[in-house]
Amino acid sequence: MTDDEIRALVDDPELRPGVPAVELAAACLGRLEEAHSMHAMITITPELALAQAREADDRRSRGDPLPLDGMPIVLKDNIDVAGVPTTVGSRLFADRVATEDAGVTRRLRAAGAVILGKANMHELAFGATSANEAFGPVVNPAAPDRIPGGSSGGSGAAVAADLCVGAIGTDTGGSVRLPASLCGVSGIRPTYGAVSNRGVQPMAASLDTVGPLARAVTDVRSLLAVVAGFDPEEPASSDRPLALDGTAELSGVRVGVVEAFLAAADPGVASCVRSLAVVLEELGASLSEVELPGWEDAVDACSRLIRGEALTLYGEALASRPEALEGGTRRRLALAADLRSADLERLRDAQVRWTDHLDDVFCAVDLLLTPTIPVEAPFAAGADTVETTNAVVPYTFVFAFAHVPALSLPCGTSAGGAPVGAQLAAARGRDGLVLRAGAAVQAVTDWHRSRAPWPFAGVTVAD
């Protein structure tokens, strides 16, 4: 299967049922092997993938397909797949093998998805560069000299290089949306509690959220429709169903443009996001300027809460096995050394207040529009974990701290040729609205179809 054929199948879901699932899975597995120098993956599972693909073909032949039948996907390596290592991108868990599937893995299997393997990530999901020392630094296929983002960097890179059709990542403060933006694909942080975290290694449990990535928002929505749902065995799981269906009509949808975020962003980033705002208006949405007073304090509190909860989880390892952790991870954990339990409770109180504030904002508008990241994609060479992470996360932290759904979708490239993402957020439970808006934009634009040349051009994958 050629590069162009795979791209066509990624871009047009209607073509996929006409191609045997085994053929598509084999092609993706071949690309994963060819692209090993990208370090997008930690573990590839060819036997599992081909077995699932054969089952999908059998169901199709019987006229009994499942919602995701034959869709090749990868899972971030902090999500359990029975019998497969879950390293969390760290030497700390190098020998750990999952004994059962995570909740989301079970849902994906039941929907007919084909699991190609486990994607590389920033160590312990605690950073935004994905320059993983244990398993190799993830290369951004859309801009190889730039970071791919994190912590779901391997998931974003795999989607951007068409190594798979979709991916599952996790987003604590921005770890799905950052790689989506920097790699030029689409990804959503769902409403907190909409997707079960059971079987997912935590990092900051009060914020951790599983979310899908794909090139097109329509595939993101298909994945979320499968993985979302109440899990009685997971304390943070919500029994409030997500309304993901609906028309692509945006007439009358009120979009609040956070002008202060655009003004503070790099000019090339702001220009791309303004282009997407024009498209929303052309589609019938009404735009107005919105202020978010106190957002800087919310970002600071979110950052401190993440570090504090991560130190609670990994403080013992930091003290007893520091050599098993990367230097950047050790330094970020050490930043929380002065936080006490009472401090964490105060930060959670601040989270409640910020959530209430955004609830009020969403009474006046339906969507908020911001850049996903305020700066042009940072260069990978010399990117410091602490400084680079701090530079890219402010606008994603704003919505993570309030537990609201937020979608990053491509909106062009900067002057330096790096992808730029726009972020759409809505009130809790209105995930369907952000996906509807994103899909409407992508129906009339081609930003999400833009790709860098396949770095292994000329190589044809055997069927």
- Taking H placed 1.01 Å from N in the peptide plane, check which residues at least 5 places from Arg198 or on another chain put their amide H under 5 Å from its amide H. Gly103
- Query: For the pair Glu249 and Ala381, how long in nm is the line joining their label points, each one 7 Å along Cα→Cβ?
  - Reply: 5.4 nm
- Message: Please state the shape class of the chain: rounded when a/c is under 1.5, otherwise prolate if a/b exceeds b/c and oblate if not, all from the C-alpha gyration tensor.
- Response: rounded
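Determine, for Asp266, Asp208, the number of other Cβ atoms within 10 Å of each Cβ, and report the residues in order from fewest to most. If you can, show how the numbers build up before the last one.
On the way: Asp266 18, Asp208 23.
Fewest to most other Cβ atoms nearby, the residues stand as Asp266, Asp208.
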- Message: Testing the spin-label approximation: label points 7 Å from Cα along Cα→Cβ at Leu335 and Ala364. State their distance in nm.
- Response: 3.1 nm
- Span from the segment 151-210 Cα centroid across to the segment 45-124 one, whole angstrom: 15 Å
- Note on the structure: If the chain between Arg353 and Ser286 were fully extended at 0.36 nm per residue, the gain over the current Cα-Cα distance would be 21.3 nm
- Task: Work out, step by step, the length gained on full extension between Ala260 and Glu33: first 0.36 nm times the residue separation, then minus their alpha carbon distance; give nm to one decimal.
- Result: 77.3 nm
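What FRET efficiency do you get for Thr312 and Thr2 if R0 is 35 Å and r is their Cβ-Cβ distance, rounded to the nearest 0.05? Numbers along the way, then the final one.
Working: r = 50 Å, r/R0 = 1.42.
Here the calculated transfer efficiency is 0.10.
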- Query: If each residue's Cβ is checked for other Cβ atoms within 10 Å, how do Tyr395, Tyr314 rank with the fewest at the top?
  - Reply: Tyr314, Tyr395
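No value in this document is a laboratory result; all are computed from the given coordinates. Quick caveat, the model's predicted, so the values are computed rather than measured. Positions of Cβ are generated from backbone atoms using ideal geometry, with glycine treated the same way; all protein chains shown enter the neighbour counts.
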